[in-house]
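The values are calculated or read from the model by the stated rules, or taken from the named source; none is laboratory data. Everything numeric here is computed off the predicted structure, so don't read it as measured data. Quick reminder, even Gly has a Cβ in these numbers, built from the backbone with ideal geometry, and neighbours come from all protein chains shown.
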Amino acid sequence: MAYTWAKVYIEILEDHKMGLLPDHLWRRVIEMILLAKKLDKDGFLPGMMEMSWILRISTEQLEAELQEIESKTKTDTDPGIIHLVDGNWFLTNFTKRQAAESDAERAKSYRKRSVTQNRHESITSRDIDLRLDSDTDKTRGDVIANAKSPAKPRIKRQPDERTATPAIQACYKTVGRFPPLGMYDRLIGALGNAPEIQRLTECRTAWLERGYNPNAWTWATDWYTGGIPSRNGDKSRADKFALADQMTRERLAQHGESW
C-alpha cells in the first residue's frame, strides 16, 4: 500500500532521547520515519543508496549520522530510536507508533475533539456588544471594519555578504538557522575560515544538556575555542557572573545594541 502520510507524535517535543540530538539529527529522525512509512516494511528503512539519493547527501554522511543517532539514544536496556537488524537500519518502535487506533482509543479521541469544538463554538458565537452611534447609523460591519488597524509593512532583511563565510555557514549547518547579524563578527573571529562541524556540534550538545539558553551562541564563541568546561559543580561566583555577562552581550547583539 502506498502511504501519503505518517504519524508523528507531539510528545517527541519533550522526549529526552530526541532532546539529546542536535537540530540536524532531529530532522533526520523525522525523515527516517517518513522513509520507513514509504517503504512499509514494519520499520525497516530503504537501502543506503536509495536513502542518500532521496535526501541528496552522500552515503558516508548518512551512515555517520545514523550511527550518531543510535549511539546518542541507546542505553543498556533500550536500543535507541534506530538500530541495525541483520545489517539493515530499523526504527525501533515504528510498528507500535504507526498502528491503527483501537475502537476505544478512537472513541476517546472523538469525545475529546467534540468537547474542544463545542467550547470553541460557545465562545465564538457570543454576541459582541457594540455601541452603535445612532446619529451616523453605523452598522456592526462598519464598527468592526473601522476597528481593524492597518497591517504593518514587513521589514525585509537586507543580504549581508558575511553570511557566505565558512563560519556563518557552519553555524547554520549546526543549528539550522543563522545567528543574529550582531554576532557575525564575533563568530567569524572565533571559528575562522575552516570551522569543524563535529566540534561545533559537540559544543552545542553539551550546552543544551546543561540546560543553558538554546538561543545563545556562547558555545560557539567561547567553548569552541576554549574547550567545553568540566561539570565539576564548583563554578565560582566570578564564573557565573562572567557567563551571565556573556549571555547579556549576546542578547544586546541580537537587537543591534552595544554593551
Q: Would you be able to say whether some residue in the range 38-61 is more than 24 Å from I197 (Cβ to Cβ), modelled with pLDDT under 90, among the charged types (D, E, K, R) and within 17 Å of the chain's Cα centre (by Cα)?
A: no
Q | Single match in Y212, Y184 (criterion: in contact with a Ser or Thr (Cβ under 9 Å, 6 or more places away or on another chain) and either crowded, with 17+ Cβ neighbours inside 10 Å or under 15 Å from H24 (Cβ atoms) (or both)) | A | Y184
Q. Any idea which residue in the range 164-181 is farthest from H24 (Cα to Cα), counting only those that are polar (S, T, N, Q) and buried (at least 18 other Cβ atoms within 10 Å of the Cβ)?
A. T165
